[in-house]
1. Compute the length gained on full extension between residue 72 and residue 15: take 0.36 nm times their separation in residues and subtract their Cα-Cα distance, giving the result in nm to one decimal.
2. Nearest 500 deg cm²/dmol is fine: what mean residue ellipticity at 222 nm does the chain get from its DSSP H runs of n ≥ 4 alone, each adding -39,500 (n - 2.57), divided by its residue count?
3. In whole angstrom, note down how far apart the Cα centers of the stretch 114-145 and the stretch 57-75 are.
4. Rounded to the nearest 10 Å², what accessible area does residue 158 show when all protein chains are kept and the probe is 1.4 Å?
5. Pulled fully out, how much extra length does the chain show between residue 206 and residue 178, if you take 0.36 nm times their separation in residues and subtract their Cα-Cα distance?
6. Roughly how many Å² is the accessible area per residue of the stretch 107-222, as a whole number, for a 1.4 Å probe?
7. Please work out the ratio of the alpha-carbon Rg of the stretch 31-161 to 2.2 N^0.38 Å and round it to two decimals.
8. Tell me which chymotrypsin sites (Phe, Trp or Tyr not before Pro) from the stretch 96-172 have a DSSP coil assignment and no more than 12 other beta carbons within 10 Å of their own.
Amino acid sequence: MELIGVGRASRVFALDERRVLRRCAFDVGAEARVMRLVREAGCPVPEVLEASGGDLVLERLRGPTLAAELLAGAVRVEAAAEMLLGLHERLHGVEAPAWVPRSTRGIDMGGGAAGARMLHLDLHPENVVLTDRGPYLIDWTNAAAGAPAFDFAVTWAILAGADFAGFGLGPELVEAVRTGLVERFRQAAPAAARAVAVEYRAADAALEEAEIERIRGELGRG
């Protein structure tokens, strides 16, 4: 099999022209169930073809990530922000059934016992693939149920913690990302939700302290 992608906890292989295998160190059953749910509700999610143990066979998507297009200057920051916000809104239109967890990493995502919406909790440019059918949202490992404000806030925290200068971006583009993406999601998430998002991100053992400090610094800006 051809290795075509490597993540923190998974590897992605091309099976053929229409299928990929994502091999993980954890059971993918719950993630596959969530993906099928939101896809049936009309969200742009790759089709789940098989799920067994740590193996997830998915429809193969063709196209670059939103992050790659942003870095290449092929997509403007403002357009990227609108795309991310639109994906949030589509997902949050899906009511979460009772079997979807209401808490993750020991943190309650709100929403109450009834009326909770589906949350992705990892919705950022690296997890959006731009296909000829439009943007598709991938990597549903962190999905949970709760209040949409927390999903917006987690996207803000991910963006706030990113070292954009370290990607080789010039000062002007770094500032454009800060004002066009980080600030847009700051405005979309109430302060209380942003504080919870910092706690949520800090609970991720894979995050470096420098990233957590950048997020806390952005939170301190009010």
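The values are calculated or read from the model by the stated rules, or taken from the named source; none is laboratory data. Source: prediction; values computed, not measured. Cβ coordinates were reconstructed from backbone atoms using ideal geometry, including for glycine residues, and neighbour counts include every protein chain displayed. Note: accessible area is taken over every heavy atom of the protein model, side chains too, but ligands, DNA and RNA are not part of it. Shrake-Rupley method; radii C 1.70, N 1.55, O 1.52, S 1.80 Å.
1. 17.7 nm
2. Rounded to the nearest 500, it is -11500 deg cm²/dmol.
3. What the calculation gives is 14 Å, centre to centre.
4. Taking all protein chains as shown, residue 158 has close to 20 Å².
5. 7.7 nm
6. 41 Å²
7. After normalising by residue count via 2.2 N^0.38 Å, the value is 1.04.
8. 99
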